[in-house]
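The values are calculated or read from the model by the stated rules, or taken from the named source; none is laboratory data. This is a predicted model, so every value here is computed, not measured. Here the Cβ is made from the backbone with ideal geometry for all residues, glycine too, and neighbour counts use every protein chain on show. Keep in mind that these areas ignore ligands, DNA and RNA; they rest on the heavy atoms of the full protein, side chains included. Shrake-Rupley method; radii C 1.70, N 1.55, O 1.52, S 1.80 Å.
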Amino acid sequence: MDDRLAPPDSRAPLDALRPLHDAMISWRHHIHRHPELAFQEHETAAFVAERAAEAGLEVATGIGGTGVVATLTRGSSDRVIGLRAELDALPLAEVAGRPHGSRREGLMHGCGHDGHCAMLLGAAHHLAANPDFDGTVRFIFQPAEENEAGGRAMLEDGLLERFPMDALYALHTEPGLPLGTFAIRSGPVMAALDLLEIVVEGEACHAARPHTGADAIVASAAIVSALQTVVSRDLDPLQPAVVSVTGIDGGRGWNILPPKVEMRGTVRAFDDGVRDRIEAGLRTRIEAIAAAHGCRGRLDYRRHYPVTINAAAATERAAAAAEAVVGTAGVKGDHPRLMAAEDFGFLLERRPGCYAFLGNGDSAPVHSSGYDFDDRALLYGAAYWVQLVSRVLGRA
């Protein structure tokens, strides 16, 4: 949805943020040109801290490593809301030719975190200049979302004790969702992520005489195929789950059967009971199939990210804020849940809140070298944050 086509009742929130649009674009492009990986976001953290300080916010740095928390308080209410964006980039090589393209070879913002930071800064500047609320807003710029649990690191560093918050919200770009639309639903919205490390130990021998050893490669191939039956046969068909083997390492010679094969992968599910059942099924199959081939198999199963679960009341407030920006038709309440994982789930285990999606239009998917955040979406995201603060902390 182009903002020129937005419903009449939604133009005012967008118009209020329009004077900051060029600044948000500039901020995003700067962050995009200087991507940094998890827990290495020193320049990015310094940049967002400087921009927040320029707006008059109280800024704390080094939270959970490279995290930043900027605080804005107006009025006398003790209500506090937390709004989160992410700092880190990905180890991807960006497509060439963009004027704001990455200047660091092999690194790029391929998941929209540059846009998330820019539109949260835009909201901070607007709210500081137009403080029509009563309470406190925490602007959280989190490190290491990409598989390194920066949200958990901030919590372990005392995020909620040092910066109390009643509720927490996050907003993420979504390619394929039309520009100018939001997807917001209650309950589980993103899956848990568990990590697998599998080791199969056999006995090395000459490839011409396999009967003199124990073939860890053949055993591993059988294990990979059998792991899929955990989902198809051990689980209720109405309970979604995914088991993926993402790497296999074993053997270097042409004529030698190696003594060991190592595998890694992930499990995705929306229910902790399902995760328990998957872990048990994987362990049984790995050990039994390895033994059937004269090998030894073991599983290291690590619970990595929890399910991201939106609270009902917080979701209602988030949907109302989005509707104020784009109208009722622009807010999708039936958007499918995603098997991808999010460490915002750690924060939502501690406080109620809502994780919402913002349309990026017909763009390349996230985590691909062709992805780029649509600068037009910055206006919608910043307006959403402002409307959300107004609804949660609005003056009586």
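Couple of notes before you dig in:
- So Ala280, is it open to solvent by 50 Å² or more (accessible area, probe 1.4 Å) and under 19 Å from Tyr305 (Cα atoms): yes
- Where a residue in region 84-102 is crowded, with 19+ Cβ neighbours inside 10 Å and its partner, wherever it lies, is of a type in the set (Phe, Trp, Tyr), with Cβ under 6 Å and at least six apart: Ala85/Phe141; Leu87/Phe141
- Options Val331, Val325: the member that is surrounded by 24 or more Cβ atoms within 10 Å (Cβ to Cβ), out of contact with any Leu (no Cβ under 6 Å at 6 or more places or on another chain), on the phi < 0 side of the Ramachandran plot and aliphatic (A, V, I, L, M): Val325
- Positions within region 305-349 being part of a helix (DSSP H, G or I) and under 18 Å from Leu193 (Cβ atoms), in sequence order: Phe344, Gly345, Phe346, Leu347, Leu348, Glu349
- Of all residues making up region 232-263, the number that are charged (D, E, K, R), open to solvent by 50 Å² or more (accessible area, probe 1.4 Å) and either within 13 Å of Leu193 (Cβ to Cβ) or not in a strand (DSSP E or B) (or both): 3
- For region 5-64, the helices (runs of 4 or more DSSP H) that sit wholly inside it and include 2 or more residues that are closer than 24 Å to Ala321 by Cβ, modelled with pLDDT under 95 and open to solvent by 20 Å² or more (accessible area, probe 1.4 Å) are 11-17.
- The strands (runs of 3 or more DSSP E) falling completely within region 161-218 that include 3 or more residues that are β-branched (Val, Ile, Thr) and either more than 20 Å from Ala269 (Cα to Cα) or in contact with a strand residue (DSSP E or B) (Cβ under 6 Å, 6 or more places away or on another chain) (or both) map to 192-201.
- When residues of region 178-198 are limited to those that are within 23 Å of Val245 (Cβ to Cβ) and open to solvent by 20 Å² or more (accessible area, probe 1.4 Å), the one nearest to the chain's Cα centre (by Cα): Leu195
- So Ala207, is it in contact with a Pro (Cβ under 7 Å, 6 or more places away or on another chain) and either open to solvent by 40 Å² or more (accessible area, probe 1.4 Å) or touching a residue at least 24 places away in the same chain (Cβ under 8 Å) (or both): no
- Cβ pairs under 9 Å, 6+ apart, first in region 298-309 and open to solvent by 30 Å² or more (accessible area, probe 1.4 Å), second of a type in the set (Phe, Trp, Tyr): Ile309/Phe270; Ile309/Tyr355
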